[in-house]
Amino acid sequence: MMTVITHVTLTPGREPEWDAAMRDRLETARDKEGWVGNQLVIPLDAPNERTVIGTWTTRAAWEAWHSDEAFLETRERMEGLQDGPSDMNWYEVVSDERA
């Protein structure tokens, strides 16, 4: 399994719009081959920042999802809502324990 962690800073005041589009985007991932899970989190001390944590069976499955029509639609909705580029890092999952 692979986990991708993406940090973004949002344009102040545009957070609700971005959050709604990202929730829609993440919901569409549920039906995609290779999807394991995802989280959208907000740092307690930075309300205009977001971290998206996605886990997939392979990076190729994640990349295939990026060409999905629903993914592309949310990309259009999110355009201009971020304050700068996102920072993305990939990790190989060694252990995944959940309730």
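Overview of values
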quantity	calculated
Single residue of region 1-49 satisfying the filter (of a type in the set (S, T, N, Q) and closer than 20 Å to A64 by Cα) that is surrounded by the fewest Cβ atoms within 10 Å (Cβ to Cβ)	Q39
Scope region 73-99; condition open to solvent by 100 Å² or more (accessible area, probe 1.4 Å) and either among the hydrophobic types (A, V, I, L, M, F, W, C) or in a helix (DSSP H, G or I) (or both); matching residues	R75, E76, V94, A99
Selection status of W65, in contact with a helix residue (DSSP H, G or I) (Cβ under 8 Å, 6 or more places away or on another chain) and open to solvent by less than 50 Å² (accessible area, probe 1.4 Å)	yes
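The values are calculated or read from the model by the stated rules, or taken from the named source; none is laboratory data. Everything numeric here is computed off the predicted structure, so don't read it as measured data. Note that each Cβ is placed from the backbone with ideal geometry, even for glycine, and that neighbours are counted across all protein chains shown. To get the accessible areas, we keep the full protein, side chains included, count just its heavy atoms, and leave off ligands, DNA and RNA. Shrake-Rupley method; radii C 1.70, N 1.55, O 1.52, S 1.80 Å.
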